1. Tally Lys and Arg at +1 and Asp and Glu at -1 over the other residues with C-beta under 12 Å from the C-beta of Ile176: what net charge comes out?
2. List the residues whose amide H sits under 5 Å from the amide H of Glu138, counting only those 5 or more places along or on another chain, with H placed 1.01 Å from N in the peptide plane.
3. Give me the count of lysine pairs in the range 23-276 whose alpha carbons sit under 15 angstrom apart, restricted to pairs 8 or more positions apart or on different chains.
4. In bins 5 Å wide, starting from 0, what share of all Cα pairs of the range 1-119 does each bin hold, as a percent?
5. Within the chain, which cysteines find no other Cys whose Cβ is under 4.7 angstrom from their own?
6. Dipole of the chain, Cα-centred, from +1 at each Lys and Arg C-beta and -1 at each Asp and Glu C-beta, to the nearest 20 debye?
7. Apply the Debye scattering formula to the range 126-202, with a single equal point scatterer on each alpha-carbon and no solvent, then give log10 I(q)/I(0) at q = 0.12 Å⁻¹.
8. Only helical DSSP H runs with n ≥ 4 go in: add -39500 (n - 2.57) per run for the chain, normalise by residue count and round the 222 nm mean residue ellipticity to 500 deg cm²/dmol.
Amino acid sequence: STNDSVVELNPKMATHPCYSKQAHQYARIHLPVAPACNIQCNYCNRKFDCSNESRPGVVSKLLAPAQAAERYRKVKARIPETKVVGIAGPGDPLANPASTLATLKAVAKLEDDIHLCVSTNGLNLVDHAKALREVGVEHLTITINCIDADIGAQIYPWIYFDHRRLRGRQGAQTLIDRQLAGLKAAAEQGMLVKINTVLIPGINDHHVAAVASEVKRLGAALHNVMPLIAEAEHGTYFGLMGQRSPTEEELAKAREEAGVSMAQMSHCQQCRADAVGRLGQDCSDIDQDAEPAADL
Ligand code: CLF
Ligand code: SF4
């Protein structure tokens, strides 16, 4: 398809395993340096990693920036095909801009041949897009679940912005406005922007095509419609309220509708905030092992 050939022609996408399925031989490492978050999503349980990228119910051990860079160095020595360093939580990287930027700088100092990648809810992106680009971030993910504040109010009970807690429609509208401004700013900085949309049956499933066409207009490169993981045992608000996950058919239909405007990613593994290795592999305890794992 047209979308596939665009992905293959862009070398920055072709060597990043999330941006191109063909790049599966390359590995990524997530460095868990961002504990705080500035919004509340109804699919999140704050005890665990950010569910905008991650499987809920996983706890990552926090690292300071210097420890994180050291972890990267050790893992790179064990898994040389590590081509991507991502910051994806356990909270929001841009609610912790000092640790996030310090970590990225420290990794960039150790290594030229690496993709720096950040995943954010987008609330603070417009303020940091330039700084991220300056430290070398070329791959950026924003989780945008809707562009309509009435839908947003059902997903985000509150956001914390400009020293104030904003609730309901007002909070959702502020988040959406800033996500879209951040997307535009990041695309203008030349970053390859991927959009994650968590598919929530009955809430935003009729709306993914509208999200896709708006993010396309603002310069996004790739779209990842990911299924809500709603099990009640994860203790999320949605889980407790009996919200269900989408079926395979609903997910396929949403991707098809969003695919009218945006190239779709369908191989996302909903990684942990401290994931290590190829997509779908979990080598997150590799630097604690005495011997290299045989399957690497
Ligand atoms: Fe990590 Fe995310 Fe970068 Fe990939 S993961 S910060 S873009 S390097 Fe990839 Fe994992 Fe899906 Fe994320 S498979 S959860 S999309
Ligand atoms: Fe949780 Fe991530 Fe949402 Fe923050 S952005 S509330 S960490 S899912």
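1. Numbers: positive: Arg169, Arg178; negative: Asp148, Asp150, Asp177, Glu214.
Net of charged neighbours comes to -2.
2. Leu116
3. 10
4. Going from the shortest bin to the longest, the percentages are 2, 12, 20, 20, 18, 15, 9, 4, 0.
5. For the chain, the answer is Cys18, Cys37, Cys50, Cys117, Cys146, Cys268, Cys271, Cys283, because their Cβ atoms have no other cysteine Cβ under 4.7 Å.
6. Numbers: 31 positive and 34 negative charges, 146 e Å.
With Lys and Arg at +1 and Asp and Glu at -1, about 700 debye.
7. For the range 126-202, the Cα-only Debye profile gives -0.37.
8. Numbers: 10 runs with 104 residues, N = 296.
After summing the helix terms and dividing by residue count, I get -10500 deg cm²/dmol.
Rule-based calculations on the coordinates, nothing more; no lab input. Just so you know, these numbers come straight off a predicted model, no measurement behind them. Neighbour counts are summed over all protein chains in view; Cβ atoms, including those assigned to glycine, are modelled from backbone coordinates with ideal geometry.
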